[in-house]
Each structure stands twice: as C-alpha cells, then as structure tokens.
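Down below is the structure, laid out as structure tokens.
Since every read-out is calculated from the coordinates, none of them should be taken as a lab result. Because the structure is predicted, anything quoted here is derived from the model rather than measured. Every residue, glycine among them, receives a Cβ derived from its backbone with ideal geometry; neighbour counts consider all protein chains shown.
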Amino acid sequence: MAKDEGKRGEKVAVAVKAIEELPGVGPATAEKLKEAGFTDLMGLAVASPTMVADAAEIGTNVAQKIIIAAREAVDIGGFETGDVILERRKSVAKLTTCSKALDELLGGGLESQAITEAYGEFGAGKSQIGHQLAVNVTRSEDDGGLNGDVVWIDTEQTFRPERIRQMADALDLDSPMPSSGIRPAPWAGTLSATARRSGSTCASRKAGSGLPG
C-alpha cells in the first residue's frame, strides 16, 4: 500500500501495483524505467536516486520521491519496535558449515533471515563454501540443515554439480545428488535488474539468506 499526502499532511492509503501507478511516473517515464531494467516496484524500491534519475532522465529529487513511493508500496524501510524484532528472531535458524570451529565462531552456524558475505582473493575457497552450504541447506534440521531448497545465481560459471555430488556422498546423504533442491540460475536473461546488480549469490529459499560467491 502506498500513501499519498493529503492537504494537511495526513497519509491516505492508495493501492499501487505497477510502476505506472506511482506518483510522478507518467507513461514516458515508465517506459524509460522499464527499458533500463526497472520492471517492478521492488526494483525501484532498492535503487538509488542517481540510478533512477539517469534511467528516466529526470531530476534526482523527483527520482527520490518515486523511490519513496515504491518503498511504501512494497512496505519496506519502515521502523519496527524491539518486541517485534525479538519475536521474529525466535524463528531464526542456524545452518551448519560442516566445520565445528567455524560454526562456533559464527555462534552456531550461519543465520537464516540474513545475508552472509564471504570475501577473499581468487582461489581462497569462497565457491567451495557456497557449494557446501548449498548441500547443507537440503539436509534435515536435526543434521544442521534447513530442509529447504537452494537457488544458485551463477555470474561467473563457478557452479559444479559434480562437486555437489562429492559433498553429498561425503555426508552419506540418501540422495547421491541432491540437486533436485539446488537450482542454478543462468546469468543472462532470467534475472531482474535488481538481481543482476546484486552479483553472484547462493540463496536458500527457506532460510531467506544468501552467500555471495
């Protein structure tokens, strides 16, 4: 629900489902935004004013207002009270890395409902960690997994199904190739502009978390 300002500053809820319905976005602006890859409200909500301004050939102030309206429409960027966050934290799960030492450093493993970034030079093992976590996500919660599915967004062609099989075999999983729950997404043509700008990610659907590769 987006909110329009009334004459006295009060906010009136207005349903917004498309870019064209945002205040300040006419047909010409909407077309330019779509040509630049902004095809949905979420894409605009997480964009910067400069990016939107350049794409639509509008001023940054106008772009900022469009972004704010998009954020209100998809209901992000608001404030939450501590008790609400505490209640949500009760549902946070832990994903094992298969390394007891690393799990201890992470307070029990990687948290769900979060984004975890791994960085390092070429050959440091970032992709290997991603492969291991992809396997671990499909495992049962009793085994430190999340009993979920994985989407691997591969921007550098580093996904190796044979490595997935090796890791699954090492854990004596019932399925020698748990790829039914691991879905590689090709880089070109299938991702939104927002996803393309975010880089390479291995994300668990159930966990709500990701690991840039």
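Please compute the modelled spin-label separation between Glu80 and Asp54, points set 7 Å along Cα→Cβ, answer in nm with one decimal.
3.2 nm
Let me make sure I get this right: for the stretch 105-179, a, b and c are the square roots of the gyration tensor eigenvalues over alpha carbons, sorted descending. Under 1.5 in a/c it's rounded, otherwise prolate if a/b > b/c, else oblate. Which is it?
Oblate shape, in that a/c is at least 1.5 and b/c is the bigger or equal ratio.
First measure r as the distance between the Cβ atoms of Ser91 and Met42, then evaluate 1/(1 + (r/R0)^6) with R0 = 30 Å and state the FRET efficiency to the nearest 0.05.
For R0 = 30 Å, the calculated efficiency reads 0.85.
From the phi of every residue in the stretch 100-116, what ³J(HN,Hα) in whole Hz does the Karplus formula 6.51 cos²θ - 1.76 cosθ + 1.60 yield, where θ is phi - 60° and glycine or proline is x?
Going residue by residue, I get 4, 5, 5, 4, 5, 5, 8, x, x, x, 6, 7, 6, 6, 8, 10, 10 Hz, with x marking Gly and Pro.
Leu102 versus Gln128, label points 7 Å from Cα toward the beta carbon: distance in nm?
0.9 nm
Pulled fully out, how much extra length does the chain show between Asp169 and Glu21, if you take 0.36 nm times their separation in residues and subtract their Cα-Cα distance?
48.1 nm
Please report how far the C-alpha centroid of the stretch 78-125 lies from that of the stretch 13-69, rounded to the nearest whole angstrom.
Comparing the Cα centres of the stretch 78-125 and the stretch 13-69, I get a distance of 33 Å.
Determine which aspartates and glutamates satisfy two conditions relative to Lys90: a Cα distance under 16 Å, and not lying fewer than 8 residues away in the same chain.
Answer for Lys90, where 16 Å is the Cα cut-off: Glu80, Glu111, Glu141, listed by chain and number.
Starting from the Cα-Cα distance between Thr158 and Glu117, subtract it from 0.36 nm times their residue separation and give me the gain in nm to one decimal.
Full extension of this stretch gives 13.1 nm more.
Straight-line reach from Lys32: which aspartates and glutamates fall under 18 Å, measuring Cα to Cα and dropping same-chain residues less than 8 apart?
Cross-link targets: Glu20, Glu21, Asp40, Asp54, Glu57.
If you rank Asp149, Asp172, Asp75, Asp54 by fewest surrounding Cβ atoms within 10 Å, what's the result?
Asp172, Asp75, Asp54, Asp149
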